[in-house]
Amino acid sequence: MTGTPLLLVVAAVAWVGHACVWTALLSNLFGRPLPKPFLKAWRLVTAAIILAFLQMCWWLLTHPFTFLDDLRVSRPVWPDPTDALGFGYVGVCLVVGGLVFPAITVLRLTRKPPPCLVSEVTRTRDLWAEFGEPLIGDGKMPFVARLPGNQLFRVDFTETTLALPDLPHEWEGLTLLVVSDVHFHGTPSRLFFDRVIDDVLSGPTPDLVCLIGDYVDTDTHQEWIGPVLGRLSATGAKLAILGNHDKHHHPLQVREALGDAGYAVIGNGVQTLTVRGVPCVVVGHEGPWFVPPPDLTGAPTEPFRLCLSHTPDNFYWGVANQIDLMLCGHVHGGAIRVPVVGSIFVPSIYGRRFDQGVFERAGTVMVVGRGLSGKEPLRFRCNPQVMRITLVRRVTR
């Protein structure tokens, strides 16, 4: 392959690398407590920069050897700094697009399940096939909910069994219902959430209900919290923390609505609850958007530490603080997933590392759910999700 076809391949690989670099930066910034206007603007800037690279590729195709010509002249001469910078950046993009990105993709595809994961079974319910148009509602960007291929209304009910070595004997078979990222704003409609809750209530009552944040995207939809989420019940306790979106819509009122719905709102704090007769240290982590982070000084490490963390970015904090089980949401599985590659943009300082699933490190297990909705009603190859987690003791030899 020579000439223009080869340059087209090189340009395509470089463009992939360029998109990876700027998407990684965007993901990192969205994982930080930065002002919403800045993040909105930067998302548009990122899109423009990624598309602008196509113009750079065209320039390279029409002037591909300017930099090399500068080096080949018979008399010593400094190359054009613009050319040197441009070719240097393209070189970086070629490495990322041709080596780093494929290597990461292969590692993700071949990653073995963590030892704690015993089983995972998912049942999908297509609510659109059952109820159709009334699910759209009157919220933001209803036209997006109608896009072909959008799986916004195909809900995964995932049953996950985890084997934990330090699980109290009394907790064998303990169940936790995990719901995150409902993002009430009108689309999907109340009907969608009511039917999801109906489905959950048709199953066994869990020991714990855990809500992981991001309840509202308007100032008025707090009125949905009680009628929708208040219907959930537990034999033990109902627990909740807030997410970053709640911070912008009267968080004190959100906490009050959750409390009125029967939830113990942990915040950035620590509470000790009795579950099946055994003390459980429950930790809430709403950081980095709510500060200060929870202080575990003096909190017992045994028999069990359960942490509700809105973002999986707090995983290494959990490892350092001897958390046994962390439950997280926030990242929506990336919301858009493509074949082979998986997620693209994930609002996390770690990019795609913790986009969904189960992770284990140094005795800490983290479960990251995809959540039920989003501010943008968009899901491609990334169904909304409700999780029911069953805990069993891990047999060690």
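The simple spin-label model puts a point 7 Å past each Cα toward its Cβ; for Arg43 and Leu85 those points are separated by 2.9 nm. Around the amide H of Gly137, modelled in the peptide plane, lie the amide H atoms of Ser189, all under 5 Å away and 5 or more residues distant in sequence or on another chain.
The lysines whose alpha-carbon is closer than 28 Å to the alpha-carbon of Lys238, local same-chain residues fewer than 8 away aside, are Lys247, Lys375. Axis angle, to the nearest 10 degrees, between helix 3-30 and the longest C-alpha principal axis of the chain: 40 degrees. Close amide H pairs (under 5 Å, H built 1.01 Å from N) link Phe184 with Val216, Asp217, residues at least 5 positions away or on another chain. Within straight-line reach of Lys112, meaning a Cα separation under 13 Å, sit the following aspartates and glutamates at least 8 residues removed in sequence or on another chain: Glu360.
Shape of the stretch 127-210 from the C-alpha gyration tensor: prolate (a/c of 1.5 or more and a/b above b/c, with a ≥ b ≥ c the square roots of its eigenvalues). The packing ranking of peptides 169-178, 380-389, highest mean first, is 380-389, 169-178, where packing means the average number of other beta carbon atoms within 10 angstrom of each residue.
Scaling the Cα radius of gyration of the stretch 251-397 by the globular reference 2.2 N^0.38 Å produces a ratio of 1.11.
Between Ser119 and Val395, residue separation times 0.36 nm minus the direct Cα-Cα distance comes to 97.8 nm. Here, the stretch 278-359 has an Rg and a Dmax of 14.3, 47 Å when only alpha carbons are counted. Starting from the Cα of His248, move 7 Å in the Cα-to-Cβ direction to define the label point; list residues of the stretch 121-142 whose amide nitrogen is under 11 Å from there. Zone members listed by number: none at all. Reported to the nearest whole Å, the Cα centre-to-centre distance from the stretch 118-133 to the stretch 20-50 is 32.
Each residue of the stretch 109-125 was assigned a 3J(HN,Hα) from its phi angle through the Karplus curve 6.51 cos²θ - 1.76 cosθ + 1.60 (θ = phi - 60°); the sequence is 5, 9, 5, 7, x, x, x, 6, 7, 7, 7, 8, 10, 10, 10, 9, 10 Hz, with glycine and proline shown as x.
Our analysis of the stretch 117-393 gives Rg over Rh at 0.94, with the two radii drawn from alpha carbon positions and Rh computed by the Kirkwood formula.
Between the Cα long axis of helix 251-260 and the first principal axis of the chain there is an angle of about 30°, rounded to the nearest 10. Springs join every pair of Cα atoms under 10 Å in this Gaussian network model of the chain, and among Val106, Val144, Val265 the largest mean-square fluctuation is at Val106.
FYI, it's all coordinate maths here, none of it is from the lab. Quantities reported herein were computed from a predicted structural model and do not represent experimental measurements. Note that we place each Cβ from the backbone using ideal geometry, even for glycine, and neighbour counts take in every protein chain shown.
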